[in-house]
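Below you'll find the structure, written out as structure tokens, and then a few comments.
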Amino acid sequence: MKRREFIALSAAAAAASAQAWRTASAEADAASSAQEIRPMDYPIIDTHVHFWDPDHLRYAWLDGSELLNRPYLPEDYTEAIGEVQVGGIVFVQAECRRDQAVDEAKWVAELCQRDPRIQATVAWAPLELGEGVRPTLDALAAIGNVHGIRRLLQAEPEPEFMLTDAFVEGTRLLPEYGMTFDFGVNRFQLEACAQLAAKCPEVRFILDHIGVPDIAGKQMEPWRTHLRALAALPNVYCKMSGVATAADRASWTRADVQPYMETVIEAFGFDRLAFGSDWPVMLLATKIPRWFGVVREVVASCSEAERRKLFVDTAVDFYRLPPA
């Protein structure tokens, strides 16, 4: 498929999805924030969960955080979700020391043995090595539960880091291993994300934390424009996760985050949007029951089929999880 044809493929679908969402929102009860939301009759899938044990592996970024610099394990997650029913978890690499990345994936595979909710791992790999990443991908594939890769990019000083020939070459290897790619980026890198996704049409990408807009600063642009351009690519999905930590962590409200969430729904539609918590990092701003409740309220006017896509079906599709 030619690159121009690929980029244009979903333009009409994206426009139709946006119009459908606007119509649903216009028809919603003006007092939706006060309406009773019925309990869900199925368990959800959380597509963005971290586990770590600083006594087992080294996580330098945790240094100095009294809240986060301690073990966070599946039993802690069970306590944290409260009454939220979670039937499936996608573990996302937690940025341990890079030479321990395969060890981290093996450790999570051991956690899966005692907690079957953990259905997939998104591991770390040095894609910037191009063909040189194969030994790492081979080792991760041998573990058996690795369905995706996240090479965290948000701290890279140059957005073009992901556009080097070697990085593109390494990324293009992922379908050979049945793996997807998580975009762990900031809002200034979204244009580069679109370029990488266009260069790799056979790779399926998912944007973590809606691209980390400046919600605290109440800035929509240029995040919104770049997000829409990224969403126009049919091989790019998005996680409704990490939103509260991009807002004023001490005082955020639903009114603060809803315009950004609605922008994401308009751009991606429910076929390419999945719920995630970003636990335990989210504890810097909120807890799982509150975040889950806010998402439920924002999509209260949508159809049951759309809500099920957000909370279950898109995750199953993207990460190749067992049917829910």
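The values are calculated or read from the model by the stated rules, or taken from the named source; none is laboratory data. Predicted model, so just to flag it, every value in this text is computed and none were measured. Here Cβ is always computed from backbone atoms with ideal geometry, including for glycine, and neighbour counts include all displayed protein chains.
The single condition among (1) surrounded by fewer than 20 Cβ atoms within 10 Å (Cβ to Cβ); (2) touching a residue at least 24 places away in the same chain (Cβ under 8 Å) that A274 does not meet is (1). Listed by position, the helices (runs of 4 or more DSSP H) inside the stretch 271-324 whose residues that are in contact with a Pro (Cβ under 8 Å, 6 or more places away or on another chain) number at least 1 are 314-319.
The condition (being buried (at least 18 other Cβ atoms within 10 Å of the Cβ), over 18 Å from R58 (Cβ atoms) and touching an Asp or Glu at 6+ places or on another chain (Cβ under 8 Å)) is satisfied by just one residue among V122, V133: V122.
V203 falls short of the stated requirement of being surrounded by 21 or more Cβ atoms within 10 Å (Cβ to Cβ), of a type in the set (A, V, I, L, M) and either at negative phi or assigned to a loop (DSSP other than H, G, I, E, B) (or both). Within the stretch 206-216, the set of residues being in contact with a Leu (Cβ under 8 Å, 6 or more places away or on another chain) and assigned to a helix (DSSP H, G or I) comprises I210, G211. When restricted to residues that are charged (D, E, K, R) and in contact (Cβ under 8 Å) with a residue 40 or more places away in the chain, the stretch 85-125 contains 7. Here is a check on your reading of the model: is G293 of a type in the set (G, A, S) and within 26 Å of V316 (Cβ to Cβ)? So G293 passes the test. The residue that is modelled with the lowest pLDDT, counting only those in the stretch 25-81 that are among the acidic types (D, E) and either in a loop (DSSP other than H, G, I, E, B) or at positive phi (or both), is D29.
Considering each residue of the stretch 163-184 in turn, none proves to be buried (at least 21 other Cβ atoms within 10 Å of the Cβ), touching a strand residue (DSSP E or B) at 6+ places or on another chain (Cβ under 9 Å), aliphatic (A, V, I, L, M) and more than 21 Å from D317 (Cα to Cα). Taken across the stretch 291-307, residues that are free of Cβ contacts under 8 Å to residues at least 40 places away in the same chain and β-branched (V, I, T) do occur, with at least one present. Taking the stated definitions as given, is Y260 without any contact (Cβ under 8 Å) to a residue 60 or more places away in the chain, of a type in the set (S, T, Y) and surrounded by 20 or more Cβ atoms within 10 Å (Cβ to Cβ)? Considered against the rule, which asks whether it is without any contact (Cβ under 8 Å) to a residue 60 or more places away in the chain, of a type in the set (S, T, Y) and surrounded by 20 or more Cβ atoms within 10 Å (Cβ to Cβ), Y260 comes out as yes. Could you tell me which residue of the stretch 212-243 is farthest from F292 (Cα to Cα), considering only residues that are surrounded by fewer than 24 Cβ atoms within 10 Å (Cβ to Cβ) and among the charged types (D, E, K, R)? Result: E221. Candidates A305, A255: the one that is of a type in the set (A, V, I, L, M, F, W, C), within 20 Å of G217 (Cβ to Cβ) and more than 18 Å from the chain's Cα centre (by Cα) is A255.
Here is the figure for the stretch 217-246: residues that are in contact with a helix residue (DSSP H, G or I) (Cβ under 7 Å, 6 or more places away or on another chain), part of a loop (DSSP other than H, G, I, E, B), of a type in the set (G, A, S) and over 14 Å from E262 (Cα atoms) total 2. Step by step: first the residues of the stretch 146-200, then only those that are of a type in the set (D, E) and over 18 Å from the mean Cα position of the chain (by Cα), then the one that is farthest from D214 (Cα to Cα). Which residue is that? Only one residue tops the list, namely E176. Looking at the stretch 126-140, is at least one residue under 18 Å from the mean Cα position of the chain (by Cα) and touching a residue at least 24 places away in the same chain (Cβ under 8 Å)? Checked the stretch 126-140: no residue is under 18 Å from the mean Cα position of the chain (by Cα) and touching a residue at least 24 places away in the same chain (Cβ under 8 Å).
Taking the numbered list (1) under 23 Å from D317 (Cα atoms); (2) touching a Lys or Arg at 6+ places or on another chain (Cβ under 7 Å) in turn, R97 passes all entries but (1).
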